[in-house]
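Only one structure is covered here, and it is reproduced in the block below.
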Amino acid sequence: MRCPNCGNIDDKVLESRTLARGDAVRRRRECVACGCRFTSYERIEEKPLMVVKRDGRREPFDRGKIEAGLERAIQKRPVSRMDVERLVNEVEDQATVLAGLEREVPTNIIGEMTLDRLGLLDKVAYIRFASVCRHFENLDEFVEEIKRLGEESDKKRRKTVGRG
């Protein structure tokens, strides 16, 4: 470690302390040449969460992209900013778990996780997001997704009514 006072690289460690649940180590050091005392911090450099695109390219996970897509999907819909923030946090957390040691997750998995949660918030926003995420090419694909969504809602309603 280079001394901030004289630039010498010889020092001795006086004290080490673990910080932040073991995520960092704080060390008090003393320069052997000039006696200056200073502090250094050590942290593990974590591999960033990477997203694997459809064409095989990899890029760092960007929660802003999910937020932007959701903002377009919920435009003029009764979904709060807090709901969007919570949804993105849940997707990011689940993507991190799914990525495992490789720290990579495909974009289609992220899209489906987002859709699952969005479907619980707002069906119209779900269809809007699905049209982009699943690359709807024609009206028939919209109609099929709306029918599927309606059938799922009917099944849930029947289960709820059957309990009472």
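The values are calculated or read from the model by the stated rules, or taken from the named source; none is laboratory data. Only a predicted model underlies this, so the values are computations on that prediction, with no experimental measurement involved. Glycine also receives a Cβ, built like all others from the backbone with ideal geometry; neighbour counts cover every protein chain displayed.
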Matching strands (runs of 3 or more DSSP E) fully within segment 20-79 where at least 3 residues are basic (Lys, Arg) and surrounded by 14 or more Cβ atoms within 10 Å (Cβ to Cβ): 24-31
Qualifying residue in segment 117-130 (condition: within 27 Å of GLY22 (Cα to Cα) and either assigned to a helix (DSSP H, G or I) or not β-branched (Val, Ile, Thr) (or both)): no
Find all pairs meeting these conditions: Cβ atoms under 6 angstrom apart; at least six residues apart or on different chains; first residue within segment 34-60 and over 29 Å from GLY111 (Cβ atoms); second residue small (Gly, Ala, Ser). TYR41/ALA24; ARG43/ALA24
Flagged in segment 96-115 as modelled with pLDDT of 90 or more, surrounded by 14 or more Cβ atoms within 10 Å (Cβ to Cβ) and part of a helix (DSSP H, G or I), in numbering order, are THR107, ILE109, ILE110, GLY111, GLU112, MET113, THR114, LEU115
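Taking the condition of being more than 17 Å from the chain's Cα centre (by Cα) and not β-branched (Val, Ile, Thr), how many residues in segment 76-132 meet it?
The initial filter retains those residues of segment 76-132 that are more than 17 Å from the chain's Cα centre (by Cα), namely 76-80, 119-132.
Filter again for not β-branched (Val, Ile, Thr), leaving 76-78, 80, 119-123, 125-126, 128-131.
Summing the residues that are more than 17 Å from the chain's Cα centre (by Cα) and not β-branched (Val, Ile, Thr) in segment 76-132 gives 15.
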